[in-house]
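Notes to accompany the following structure.
Bear in mind these aren't lab numbers, they're just calculated from the coordinates by the rules spelled out. Since the model is a prediction, treat every value here as computed from it, not as a measurement. Neighbour counts are summed over all protein chains in view; Cβ atoms, including those assigned to glycine, are modelled from backbone coordinates with ideal geometry.
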Amino acid sequence: MAKSYKHGDAGRPRVGLFVTCLVDLFRPSVGFAAVKLLRAAGCDVEIPRAQTCCGQPAYNSGDVKDTREIAKQVIDAFEEFDYVVAPSGSCAGMLKLHYPTLFVSDVVWQQRARALAVRCHELVSFITDVCGMDSVDASFDQSVTYHDSCSGLRELAIHAQPRRLLASVRDLRLSEMCDADVCCGFGGTFCIKYPEISARMVSDKMANTEASGANNVLGGDLGCLLNIAGALKRHGSKIKVYHVAEILADMADVRAIAEGEEPK
Amino acid sequence: MRVTSQAFRTRAAVALKNVELQRAMAKAKGGFVDKRRVAIEALPEFEQLRSVAREIKEHTLSHLDYYLERFESQVIASGGHVHWARTPAEACEIVVGICGGVGARSVTKGKSMVGEEIAINPALENAGLEVIETDLGEYIIQLAKEPPSHIIAPAVHKTRDQVTDLFQEHHSRYGYNQRVTEIPDIVNEARQVLRDAFLSADVGITGANFLVAETGSTIIVTNEGNGDLTNTLPAVHIVTASIEKVVPTLEDATAILRLLARSATGQEMSSYTTFSTGPRRSTDLDGPKEFHVVLVDNGRSQMLGNEFHEMLRCIRCGACLNHCPVYGAVGGHAYGWVYPGPMGSVLTPLMVGLEKANHLPNACTLNGRCEQVCPMSIPLPKMLRQLRVREFEQRLTPARMRWGLSIWTYLARRPHLYQPVMSILVRLLEILGRKRGRFRYLPFAHGWTKVRDMPAPQGQTFQRAWRQSGDGSRL
């Protein structure tokens, strides 16, 4: 554990959980799973109230001014913590790699953005790489396949960590799909701007998921998972979709993404 | 070449439904990706080479004037000529002028993307010259009257059956009436037809993968040997090359050559790597009597030092195209100009104007696979995002997107308003979607529900659920 940061009670690091807008709105269970995992990893977790979105929709649409304002809001809300953790590679990557580039002509905010960036992590890589966790107390008697979301994989090098923890889940069988590292076609606003291309990309992902023989597909970014689950359901697939944190936190008793009360 | 990038959406939709195209693309994609991976895995010093190559290019670009002038003086010293063209029109005028000066009637061409960029073929044809492409892929699409759909595999969108049909249609006038269906026979027939063209051409035009400042040499890499026949048989050899192709020394060129073919086709080296230095000397047995290099700027000098500077490192290997899932889905023609895929989505708006191509930087998920495989480590996603910044500043973003975005950012910047508004919205959606767990249709989300269901939210926002749980007592 980095020693230079002030710690909470009994030397436990204070973690500010950046919930992300999609988890906040669509799937709070991922937020609760994140809290559970962080506590199991020895952290004190707090949820700053003044959080909404990391600013990616504006940032990836070329709206620098609004992105900067949102970034300032996030920095304000989170800089008091030892660590900032998000259950999403793309939002964590935004805080960690992109915020510092927003303030090239503003020394003060750039300092603050950089200071936050070094303490910012994606959930699964944080509990493994920083907290040293190498197993979880969970069971899941199912076969699963894992989709590597692009930002987590390429910006934050998240690949082995979720697999290492999944290997410790009792009864879980991991069956890798082909092209696990190829984009699912979500891409934020891309999927609504170019639905036909996105549909083609997610149909490749569905085919690879099905070919893996797994009954469940897991991933670390809710955007991709909403896309994959929505497409699987549209095509009548029985494969279930969960955020990897839900499985690792032994909280798979919630309904899978896009599952209704009467599964069809 | 007419720019049709603004029709990207329509062209992409057509491409997605084109069975033949999809078959051809599916076949090509795996081949390129797997072969590159094997080649890179067999090269432990890949990352080192990559940073060396990057340094060579960056050094050259920061002294570009010096190295171009040095190149020019070396070409002149070896008996050749150098011409400077600011625009495609100037470049075409120079090339047509050279051909006219020697009374040329027919021209053979090696594959050249700069040739496509400046649209040299129509310029030559308008001047009454016969132009024959000699790279097999280029030859196929010349017969089909189509532009290339890939920068190293111009006819990658064609299936073998389509090529057979084309040959049958165009080769009967040379007496080839047999329908050829096997690849060796197809290649052989093209070779026979092209042989006469090689022998009778007055001028040969090639591109250049590198210009070497210390020797005044131009280098091309090919797999068919057509480049060699194009630049040695005719009396005049014209090289069209863009200014960023220059490197200081032969050693620099060979360092980057080690990356080029591996990244492109997965070969260690292409079958032919051909160096041209000046015209035929008195002791040479063959070679052209005249050697011309036309250096094309076309906006590149404007990119030096600006936010798109790093794009000038591009060596046109095509790895970004081969690894781009969007390119893989729609093929090259949807992009509507000369350069497709990630590198094309950066270059096209810069060369033809953002207002004519602002779809291209948007038609990307920013998944980063292109940057990961780029041998020159060009931050393509960053540049595509930068073009979106320009688009937003120039108010080219479609009005609906702009409105949606401003509502979202208005709320996102006001947590005290955002949270109650979202709580109500999410509650409402949960009630409506509870039974099925998803929506087949949602107003204002047509782009989503057109092709996939929208998962219903769980019902409460996390923020609200967390406060109600009394600091996570639910756990």
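Dipole magnitude for chain B: computed about the Cα centre from +1 point charges on Lys and Arg Cβ and -1 point charges on Asp and Glu Cβ, it is near 3460 debye. With R₀ set to 45 Å, the beta-carbon distance separating residue B:442 from residue A:137 gives a calculated FRET efficiency near 0.70.
Taking 20 Å as the cut-off, the amide N atoms of the range B:273-303 that come nearer than this to a point 7 Å along the Cα-to-beta-carbon line of residue B:199 belong to B:285-289.
For A:27, A:68, which order do you get if you count the other beta carbons within 10 Å of each Cβ and list the fewest first?
Going from least to most buried by this count: A:68, A:27.
If both residues of a DSSP beta bridge must be in chain B, then about 30% of such bridges are antiparallel.
Our summary gives chain B a relative contact order of 20 percent, counting only alpha carbon pairs under 8 angstrom and 6 or more residues apart. As a calculated quantity, the FRET efficiency between residue B:251 and residue A:106 at R0 = 41 Å, using C-beta atoms, amounts to about 0.40. For chain A, the longest principal axis of the Cα atoms and the long axis of helix A:222-234 meet at an angle of about 20 degrees. Projected over every direction and averaged, the convex hull enclosing the alpha-carbon atoms of the range B:346-475 yields 11.9 nm². Label zone of residue B:3 (point 7 Å out along Cα→Cβ, amide N under 15 Å): in the range B:320-341 this covers B:335-340. Only loop residues by DSSP count here, and only those with at most 13 other Cβ atoms within 10 Å; note down the trypsin sites (Lys or Arg not before Pro) in the range B:218-303 that meet that. Here the trypsin sites (Lys or Arg not before Pro) that fit, given the DSSP loop and packing criteria, are B:281, B:289.
Across the options B:420, B:367, B:354, the greatest Cα extent toward the positive end of the charge dipole of the range B:334-450 (unit charges at beta carbon of Lys, Arg, Asp, Glu) belongs to B:420.
Each of B:33, A:144 has some number of other Cβ atoms within 10 Å of its Cβ, and from fewest to most they run B:33, A:144.
Of the chymotrypsin sites (Phe, Trp or Tyr not before Pro) in the range B:380-475, the ones in a loop by DSSP (not H, G, I, E or B) with at most 14 other beta carbons within 10 Å are B:441, B:444. Which of A:17, A:113, A:59 sits closest to the plus end of the dipole of the range A:9-129, meaning its Cα is farthest towards the positive end, when Lys and Arg get +1 and Asp and Glu get -1 on the C-beta? Of the candidates, A:17 comes out farthest on the positive side.
Close amide H pairs (under 5 Å, H built 1.01 Å from N) link residue B:84 with B:295, residues at least 5 positions away or on another chain.
Which shape class, rounded, prolate or oblate, goes with the range B:411-468 when its Cα gyration tensor gives a ≥ b ≥ c as root eigenvalues, a/c under 1.5 marks rounded, and past that a/b bigger than b/c marks prolate?
Values: a/c = 2.92, a/b = 1.56, b/c = 1.88.
Taking the square roots of the gyration eigenvalues as a ≥ b ≥ c, the range B:411-468 is oblate.
Around the Cα centre of the range A:133-248, unit charges on the Cβ atoms of Lys, Arg, Asp and Glu (plus for the first two, minus for the last two) sum to a dipole of about 320 debye. Our estimate of slack between residue B:401 and residue B:76, defined as 0.36 nm per intervening residue step minus the Cα-Cα distance, is 111.5 nm.
Quick one: check the C-alpha center-to-center distance for the range B:79-128 versus the range A:157-225, whole angstrom. So the two Cα centres are separated by 49 Å. For the range A:198-264, GluC sites (Glu not before Pro) meeting the loop criterion (DSSP other than H, G, I, E, B) and having at most 16 other Cβ atoms within 10 Å: A:261.
Counting other beta carbons within 10 Å of each Cβ, put B:113, A:94, B:351, B:383 in order, fewest first.
B:113, B:351, B:383, A:94
On the principal axes of its alpha-carbon atoms, chain B has extents of 92, 55, 44 Å, going from largest to smallest. Where only DSSP H runs of four or more residues are counted, the protein assembly as shown gives -14000 deg cm²/dmol as its mean residue ellipticity at 222 nm, each run worth -39500 (n - 2.57). What FRET efficiency, computed as 1/(1 + (r/R0)^6) with R0 = 41 Å and r the Cβ-Cβ distance, is obtained for residue B:417 and residue B:301, rounded to the nearest 0.05? Computed FRET efficiency for residue B:417 and residue B:301: 0.25.
A cysteine counts as unpartnered when no other cysteine's C-beta lies under 4.7 Å of its own; in chain B this applies to B:92, B:99, B:314, B:317, B:324, B:364, B:374.
Projecting the Cα positions of B:77, B:16, B:49 onto the charge dipole of the range B:1-82 (unit charges on Cβ atoms of Lys, Arg, Asp and Glu, taken about the Cα centre) puts B:16 furthest along the positive direction. With a cut-off of 19 Å on the backbone N, the residues of the range B:10-47 near the modelled label site 7 Å out from residue B:161 along Cα-Cβ are B:15-29. Taking Cα centre as origin and charging only the Cβ of basic (Lys, Arg, +1) and acidic (Asp, Glu, -1) residues, the dipole magnitude of the range A:1-123 rounds to 280 debye. Membrane-span-like helices in chain B, defined purely by DSSP H runs whose alpha carbon atoms cover 15 Å or more axially and whose average Kyte-Doolittle hydropathy reaches -1.0, are B:19-41, B:46-62, B:64-77, B:88-101, B:183-200, B:250-264, B:341-352, B:380-393, B:399-412, B:415-433.
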